[in-house]
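Chemist: After the structure tokens below, expect a handful of questions from me.
The values are calculated or read from the model by the stated rules, or taken from the named source; none is laboratory data. Since this is a predicted model, take the numbers as computed values, not measurements. Backbone-built Cβ (ideal geometry, glycine too); neighbour counts: all protein chains shown. Surface areas here come from the heavy atoms of the whole protein model, side chains and all, with no ligands, DNA or RNA. Shrake-Rupley method; radii C 1.70, N 1.55, O 1.52, S 1.80 Å.
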Amino acid sequence: QVQLVESGGGFVQAGGSLRLSCAASGSIFSIRLMGWYRQAPGKQRELVASISSGGTTNYADSVKGRSTISRDNSENTVYLQINSLKPEDTAVYCCNANVMGQYLLTWGSYWGPGTQVTVSS
């Protein structure tokens, strides 16, 4: 079994910053792509940023230039730093990881439960 747990969400004023963390644990052999998604009320889930095991990153246009995704492969953890937060960044942020299990040696996509980010104007 693989579990992902996010942390670091909360309330912040517009213009502020947040750093989200997501730690993967369990029977993990390898993690390929890790990413952050968000879903605002009444909207579809969207990709915020992703990072490969080699460090290649990809950002949504809405956060490009004010966010940084990084990962610690030794800790199976991915981070998302968002600066200059805007009210439209308000959403539930979930992390996703493409994981090869330690015993089955097959790839699977796993999700964390999410962490709420609320940006006040």
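Chemist: (1) open to solvent by 60 Å² or more (accessible area, probe 1.4 Å); (2) modelled with pLDDT under 95: which one isn't true of residue 84, the others all being true?
Modeler: Every condition holds for residue 84 apart from (2).
Chemist: Of the residues that sit in region 77-91 and are touching a residue at least 60 places away in the same chain (Cβ under 8 Å) and within 12 Å of the chain's Cα centre (by Cα), which one is farthest from residue 30 (Cα to Cα)?
Modeler: Just the residues of region 77-91 that are touching a residue at least 60 places away in the same chain (Cβ under 8 Å), to begin with: 79-87.
Still in the running and within 12 Å of the chain's Cα centre (by Cα): 79-82.
Values: 79: 18, 80: 20, 81: 24, 82: 27 Å.
For region 77-91, the residue satisfying everything is 82.
Chemist: Looking at region 80-99, can you tell me whether even one residue there is out of contact with any His (no Cβ under 9 Å at 6 or more places or on another chain) and over 20 Å from residue 8 (Cβ atoms)?
Modeler: Taking region 80-99 and keeping what is out of contact with any His (no Cβ under 9 Å at 6 or more places or on another chain), we get 80-99.
Checking which are over 20 Å from residue 8 (Cβ atoms) leaves us with 98-99.
Yes, some residue in region 80-99 is out of contact with any His (no Cβ under 9 Å at 6 or more places or on another chain) and over 20 Å from residue 8 (Cβ atoms).
A quick yes/no check of all residues on (1) basic (Lys, Arg); (2) at pLDDT below 95:
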{"position": "6", "(1), (2)": "no, no"}
{"position": "12", "(1), (2)": "no, no"}
{"position": "18", "(1), (2)": "no, no"}
{"position": "23", "(1), (2)": "no, no"}
{"position": "27", "(1), (2)": "no, yes"}
{"position": "32", "(1), (2)": "yes, no"}
{"position": "35", "(1), (2)": "no, no"}
{"position": "41", "(1), (2)": "no, yes"}
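Chemist: Sticking with this one: Go through 74, 62, 25, 121 for me and flag whichever is touching a residue at least 12 places away in the same chain (Cβ under 8 Å), more than 12 Å from the chain's Cα centre (by Cα), within 30 Å of residue 1 (Cβ to Cβ) and open to solvent by 30 Å² or more (accessible area, probe 1.4 Å).
Modeler: Exactly one of 74, 62, 25, 121 is touching a residue at least 12 places away in the same chain (Cβ under 8 Å), more than 12 Å from the chain's Cα centre (by Cα), within 30 Å of residue 1 (Cβ to Cβ) and open to solvent by 30 Å² or more (accessible area, probe 1.4 Å), namely 25.
Chemist: Right, next: If I filter region 89-102 for residues that are open to solvent by 80 Å² or more (accessible area, probe 1.4 Å) and of a type outside the set (S, T, N, Q), do I get at least one hit? Walk me through how you get there before you give the answer.
Modeler: Here is the first cut: in region 89-102, the ones open to solvent by 80 Å² or more (accessible area, probe 1.4 Å) are 102.
Next, only the ones that are of a type outside the set (S, T, N, Q) stay: none.
The answer is no; no qualifying residue exists.
Chemist: For region 44-56, name all the residues that are in contact with a strand residue (DSSP E or B) (Cβ under 8 Å, 6 or more places away or on another chain), open to solvent by 60 Å² or more (accessible area, probe 1.4 Å) and over 24 Å from residue 105 (Cβ atoms).
Modeler: At the first step, the residues of region 44-56 found to be in contact with a strand residue (DSSP E or B) (Cβ under 8 Å, 6 or more places away or on another chain) are 45-53, 55.
The next check asks that each one be open to solvent by 60 Å² or more (accessible area, probe 1.4 Å); those that pass are 45-46, 53.
Listed by number, the residues that qualify are 45, 46.
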